[in-house]
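K.L.:
Let me give you the structure first, and then I'll get to my questions.
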Amino acid sequence: MAAIETTNLTRRFGEVTALAGLTLAVEEGALFGLLGPNGSGKTTTIELLTGQRAPTDGSATVVGHDPVTEPMAVREAIGILPEREDPPSFLTPREYLTFVGEVREVDDIDGRIERWAERLEFDGVLDALATGLSEGERQRVMLAAAFLHDPDLVFIDEPLVNLDPIMQEQVKAVLSDYCERGNTLFLSTHYVDVAAELCTHVGIVEDGALVADCDPREMSEDELLSYFIAEVGGEPPEVRA
Ligand SMILES: Nc1ncnc2c1ncn2[C@@H]1O[C@H](COP(=O)(O)OP(=O)(O)OP(=O)(O)O)[C@@H](O)[C@H]1O
């Protein structure tokens, strides 16, 4: 069954067409990556699918609900980590996550916070003001917030940005494990290596339209990179020896 389906999803901002008729299906349990260059419409797609913005044209279904007519049902069923969002600077991670847990009506909030803090290794700063946290620590707190209520589907805009290589590996394991339990992830990224290594399904988007839909497990990272560059209008690189 599809966790997400879009038909001709379109969004214009005045003269600018951010999304130009995106038609896409993401199956339940997929670790989906929307791969595209800067300005290709990735963030806009997430904003439309999560009910933060209305489309100019077209439609979408997210875990069986229409984000335009049933935004609350969508919001309850999903987790989201938008690009460049931080916990409030004047709260500690524990306070912020407690607030999120209460809004999300999570059982055993304290236990879940402890488990996520250990898993994402920010237990040492759980009671420090967020203003003093590193960018990577703030990113991990926001990841915990997205997963705290154990949703069926999570959207993450650029999941590994700001993380050091060791933390990137740990976050990749968290994301893979989440999908192996039957949940669905919708990532947006412009990093081909992230899509190649992590995803089970990649959609390549350019100028707001889907130009390719592939399974990266069936190709090497170099092949995905060449495919990506060819699809977004450039010349493929010379294959490395
Ligand atoms: N609120 C807005 N008003 C006007 N134009 C917008 C708005 N939001 C996005 N756009 C434009 O729509 C296009 C797609 O933007 P979007 O942020 O969805 O791309 P993206 O693929 O997420 O880019 P990046 O990888 O740089 O984050 C861009 O040309 C952008 O300038």
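K.L.:
Among the numbered conditions (1) farther than 13 Å from Thr45 by Cβ; (2) touching a helix residue (DSSP H, G or I) at 6+ places or on another chain (Cβ under 7 Å), tell me where Asp215 comes up short.
P.N.:
So the condition that Asp215 fails would be (2).
K.L.:
Another question, then. Got a sec? Which of Gly51, Gly33, Gly58, Gly39 is out of contact with any His (no Cβ under 7 Å at 6 or more places or on another chain) and either part of a helix (DSSP H, G or I) or free of Cβ contacts under 8 Å to residues at least 24 places away in the same chain (or both)?
P.N.:
Unique residue meeting the criteria: Gly39.
K.L.:
Quick check on my filter: what residues within the stretch 84-97 are closer than 27 Å to Ser188 by Cα and in a helix (DSSP H, G or I)?
P.N.:
Pro93, Tyr96, Leu97
K.L.:
Then there's this: Scanning for something surrounded by fewer than 20 Cβ atoms within 10 Å (Cβ to Cβ), over 30 Å from Glu221 (Cβ atoms) and not acidic (Asp, Glu), does the stretch 30-50 turn up at least one residue?
P.N.:
The answer is no, given that none of the residues of the stretch 30-50 is surrounded by fewer than 20 Cβ atoms within 10 Å (Cβ to Cβ), over 30 Å from Glu221 (Cβ atoms) and not acidic (Asp, Glu).
K.L.:
Residue check, Ile109 against (1) closer than 22 Å to Arg138 by Cα; (2) touching a strand residue (DSSP E or B) at 6+ places or on another chain (Cβ under 8 Å), all met but one. Which one?
P.N.:
(2)
K.L.:
Which is away from the ligand (no atom under 16 Å from the Cβ), among the aliphatic types (A, V, I, L, M) and surrounded by 19 or more Cβ atoms within 10 Å (Cβ to Cβ), of Leu187, Leu198?
P.N.:
That would be Leu198, the only listed residue that is away from the ligand (no atom under 16 Å from the Cβ), among the aliphatic types (A, V, I, L, M) and surrounded by 19 or more Cβ atoms within 10 Å (Cβ to Cβ).
K.L.:
Tell me, please, whether a residue that is within 16 Å of the ligand (Cβ to nearest atom) and of a type in the set (S, T, N, Q) can be found in the stretch 93-113.
P.N.:
no
K.L.:
Write out, first by first residue and then by second, each pair whose Cβ atoms fall under 6 Å of each other, whose residues are 6+ apart or on separate chains, and whose first residue, in the stretch 76-92, is within 20 Å of His149 (Cβ to Cβ) and free of Cβ contacts under 8 Å to residues at least 40 places away in the same chain while the second is of a type in the set (D, E, K, R) and surrounded by fewer than 17 Cβ atoms within 10 Å (Cβ to Cβ).
P.N.:
Close Cβ pairs (under 6 Å, with a partner that is of a type in the set (D, E, K, R) and surrounded by fewer than 17 Cβ atoms within 10 Å (Cβ to Cβ)) amount to Thr92/Asp127.
K.L.:
Further, regarding this structure: Output the residue which, of all residues in the stretch 151-179 that are of a type in the set (Asp, Glu) and in contact (Cβ under 8 Å) with a residue 12 or more places away in the chain, is nearest to Met1 (Cα to Cα).
P.N.:
Only one residue fits best here, namely Asp152.
K.L.:
If I ask for residues that are touching a residue at least 40 places away in the same chain (Cβ under 8 Å), crowded, with 18+ Cβ neighbours inside 10 Å and not in a helix (DSSP H, G or I), which ones from the stretch 107-133 would you list?
P.N.:
Leu120, Leu133
K.L.:
Quick one: how many residues across the stretch 16-56 are more than 9 Å from the ligand (Cβ to nearest atom), over 19 Å from Pro71 (Cβ atoms) and not aliphatic (A, V, I, L, M)?
P.N.:
So the answer is 7.
Every read-out reported here was derived from the displayed coordinates using simple, explicitly stated rules and does not represent laboratory data. As the structure is a computational prediction, the values presented were derived from the model and not from experiment. Counting neighbours? That spans all protein chains shown, and the Cβs are built from the backbone with ideal geometry, glycine included.
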